[in-house]
Amino acid sequence: MIKTDRFKDGKQHIVTMSYDDGPDTDRRLIEIFNKYGIKGTFHLISGNLGQNPTGIQWDELTTLYAGHEIASHTVTHPHLELMPIRTQYEEIYDCKRALEEKTGMLVRGLSYPFGTWNEETILAMKNAGIEYSRTTKNTDSFVFPTDFMEWHPTCHHSTCERHVNQLIHNIEKCPWRVGSLLYIWGHSYEFRNDNNWELIEGVCAKLSQYQDKIWFATNIEVVDYRNAMKQLRVSADSKILMNPTAIDLWVSVDGVSTKIPAGETVHL
């Protein structure tokens, strides 16, 4: 039996992190992520960058966030749904353009300021070239979104420990429970405000012990992999698998991880 329950390098679970606003505390959070091999997506407010001498500066973006994903959080962090669609578009597009010009990298994701949006927001995002956007509506589950434009995370980091423990329990005690996506979000300044940096360091240390089972991915890596998997072609007898994409894919065949290289066809 073929199942699409494997991820990069045949790993069985995904953990992705997402942090908003771009405060100076991103520096410390990234140090922790890098120490444990965790990947993060950082949604930056372009209008805030370089405004504070101790804050995140434009010229440190490519080095500070190296190995992670830079995404949009608009220019001024407004309630987008209270704006005309043209103004929404400008907030989204101008942030994306500024970040791309300064970093030389594509910006393809966004998180909704205040976690609010409307149908016009989604239209504005699509026209601006945004491919996904994270909400603040926690699912408390390990499921993938049905629509990446309304990507509901698993949990805020303040309640993430029980979800991390559940994922580890599944890895250790219930190996048949695979294909999980654990999505944790928050703001790095909350660790300073709450004086609990040990929370995120402990979580990262614990998760890093399962690197053979967990793919630590950025948000856009999850989007790209999921979209590529939808293009996998399978023969009527399930013995021929064709991967027409530029991304290596993995599936399980009778429980065994099997790689279908980019642009290749595999005969089982």
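Structure notes:
- Hypothetical label at Gln211: residues of the range 1-37 whose amide nitrogen lies under 14 Å (7 Å Cα-Cβ projection): 33-37
- Extension gain, Ser238 to Lys8, is 80.7 nm, computed as 0.36 nm per intervening residue step minus the present C-alpha separation.
- Gaussian network model of the chain, springs between alpha carbon atoms under 10 Å - residue of Asn243, Asn170, Asn193 with greatest fluctuation: Asn193
- Span from the the range 240-268 Cα centroid across to the the range 198-230 one, whole angstrom: 21 Å
- Modelled spin-label separation between Val256 and Thr116, with each label point placed 7 Å from Cα along the Cα-to-Cβ direction: 5.5 nm.
- Between the listed residues Gly109, Asn138, Ile240, the Cα displaced farthest toward the positive end of the dipole of the chain, a dipole computed from Cβ unit charges relative to the Cα centre, is found at Ile240.
- The string of couplings for the range 194-207 from the Karplus curve (6.51, -1.76, 1.60, θ = phi - 60°) is 8, 6, 9, 4, 5, 4, 6, 5, x, 5, 5, 4, 5, 5 Hz, one whole number per residue in order, with x for Gly and Pro.
- Largest-first ordering by accessible area, 1.4 Å probe, given options Met105, Met83: Met105, Met83
- Close Lys pairs in the range 172-268, defined as Cα atoms under 23 Å apart and 8 or more places apart or on different chains, number 7.
- Beta bridge orientation in the chain: antiparallel %, DSSP, nearest 5: 30 percent
- Positive minus negative residues near Pro84 (Lys, Arg vs Asp, Glu; Cβ under 12 Å): -3
- In straight-distance terms, cross-link reach from Lys102 covers every one of the lysines whose alpha-carbon lies under 23 Å from its own, apart from those fewer than eight places away in the same chain; here that gives Lys39, Lys126.
- Heavy-atom accessible area per residue - the chain, 1.4 Å, Å²: 46 Å²
- Where labels lie 7 Å past Cα in the beta-carbon direction, separation of His267 and Ser158 in nm: 5.9 nm
- Carbon/sulfur fraction of accessible area - the range 152-238, other protein chains in place, 1.4 Å, %: 44 percent
- Restriction of the chymotrypsin sites (Phe, Trp or Tyr not before Pro) in the range 153-225 to DSSP coil positions whose beta-carbon has at most 15 other beta-carbons within 10 angstrom yields Trp176.
The values are calculated or read from the model by the stated rules, or taken from the named source; none is laboratory data. Given the structure is predicted, the values throughout are model-derived calculations rather than measurements. Note: ideal-geometry Cβ built from the backbone for every residue, glycine included; neighbour counts use all protein chains shown. Remember, those area values only see protein heavy atoms, side chains included, never the ligands or the DNA or RNA. Shrake-Rupley method; radii C 1.70, N 1.55, O 1.52, S 1.80 Å.
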